[in-house]
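Single-structure report; data block below.
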Amino acid sequence: MSELITDFTPVAIKNASIQYLSGDTQSPGVKFGCMGTLDAETEVREIVKRCEGDEEIVVIPRYMTVTVGAHIKKDVLRQVFGIKTEGLKAGIYSYGRNSKGKRFVFTADVIDEFEDIIELMAFPKCSNMTGLTISIDNDADEVAYTELEFRANADEIGNFYYEAFASELDAETKEDWHKEFNVALVAEPEA
């Protein structure tokens with residue numbers, strides 16, 4: 001076993017993957033696009049117990065709101081927002097009231113350039129939280145990132161976020177993280 005990593009300074013996020021969910025079926029991971037930013041914030045519920053003027057508070061995580069800024073691949077955007085071609089001429093896609101985006105698993109590598117460490121992250125059960133936005137600026141000196149906001153809900157064992165240092169994982173887990181992330185991949189094997 002490798003030495004326990006205690007210092008980690010996230011500098012970059014790369015190698016993002018998306019794996020679409022349809023009922024009990026999960027598609028193999030595909031490249032998400034060129035990552036720029038990722039922000040994740042946990043929404044919580046507070047339970048308060050008051051007794052003789054004192055308060056005790058228990059905070060329970062409910063879900064995470066994740067915002068990604070990236071140059072997202074066009075086919076990924078179409079899947080996430082439910083942009084479809086059914087009933088239209090070849091090559092024409094539409095977005096409207098009947099558009100329903102796919103649920104998905106989102107994974108990425110977080111890089112510590114100072115220590116040469118890679119941390120793998122995964123959000124196992126996600127759904128888009130916003131509608132399609134389009135913004136084009138002829139005067140811009142830099143191509144703007146497309147922003148995607150999604151909700152990471154709890155999976156079947158109650159988790160909405162996973163992380164692991166690549167150096168601490170077995171080869172199979174490391175290899176399959178971006179291809180087919182699921183609870184069975186990360187759960188301790190049954191004896």
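The values are calculated or read from the model by the stated rules, or taken from the named source; none is laboratory data. Nothing here was measured: the structure is a model prediction, and the numbers come from that model. With ideal geometry, Cβ positions are generated from the backbone for all residues, glycine too; neighbour counts draw on all protein chains shown. What goes into the accessible areas is simple: the full protein's heavy atoms, side chains included, and nothing from ligands, DNA or RNA. Shrake-Rupley method; radii C 1.70, N 1.55, O 1.52, S 1.80 Å.
Descriptive notes on the structure:
- Residue list for region 100-119, restricted to those being among the aliphatic types (A, V, I, L, M) and modelled with pLDDT of 90 or more: 105, 108, 110, 111, 118
- The residues of region 6-21 that are in a strand (DSSP E or B) and either open to solvent by 80 Å² or more (accessible area, probe 1.4 Å) or touching a helix residue (DSSP H, G or I) at 6+ places or on another chain (Cβ under 7 Å) (or both), listed by number, are 14, 18, 20.
- Going through (1) farther than 27 Å from residue 114 by Cβ; (2) without any contact (Cβ under 8 Å) to a residue 60 or more places away in the chain; (3) under 16 Å from the mean Cα position of the chain (by Cα) one by one, residue 19 falls short only on (2).
- Index of the failed condition, residue 189 passing every other in (1) surrounded by fewer than 17 Cβ atoms within 10 Å (Cβ to Cβ); (2) in contact with a helix residue (DSSP H, G or I) (Cβ under 8 Å, 6 or more places away or on another chain): (2)
- Checking each residue in region 138-185 for being in a loop (DSSP other than H, G, I, E, B), open to solvent by 100 Å² or more (accessible area, probe 1.4 Å) and either hydroxyl-bearing (Ser, Thr, Tyr) or free of Cβ contacts under 8 Å to residues at least 24 places away in the same chain (or both) picks out 138, 139, 141, 142, 145.
- Flag if residue 66 is of a type in the set (A, V, I, L, M, F, W, C), assigned to a strand (DSSP E or B) and open to solvent by 70 Å² or more (accessible area, probe 1.4 Å): no
- Just one of the numbered conditions (1) out of contact with any Lys or Arg (no Cβ under 8 Å at 6 or more places or on another chain); (2) assigned to a strand (DSSP E or B); (3) not hydroxyl-bearing (Ser, Thr, Tyr) is not true of residue 43: (1).
- Restricting attention to region 90-133 and to residues that are open to solvent by 30 Å² or more (accessible area, probe 1.4 Å) and among the hydrophobic types (A, V, I, L, M, F, W, C), the residue that is nearest to the chain's Cα centre (by Cα) turns out to be 129.
- Of the residues contained in region 113-123, one or more are found to be assigned to a loop (DSSP other than H, G, I, E, B) and closer than 24 Å to residue 71 by Cβ.
- Output for region 73-88, where each listed residue is buried (at least 16 other Cβ atoms within 10 Å of the Cβ) and in a helix (DSSP H, G or I): 76, 77, 78, 79, 80, 81
Matching residues to (1) out of contact with any Lys or Arg (no Cβ under 8 Å at 6 or more places or on another chain); (2) under 21 Å from residue 34 (Cα atoms); (3) at pLDDT below 95:
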{"residue": "121", "(1), (2), (3)": "yes, yes, no"}
{"residue": "126", "(1), (2), (3)": "no, yes, no"}
{"residue": "145", "(1), (2), (3)": "yes, yes, yes"}
{"residue": "149", "(1), (2), (3)": "yes, yes, no"}
{"residue": "177", "(1), (2), (3)": "yes, yes, no"}
{"residue": "187", "(1), (2), (3)": "yes, no, yes"}
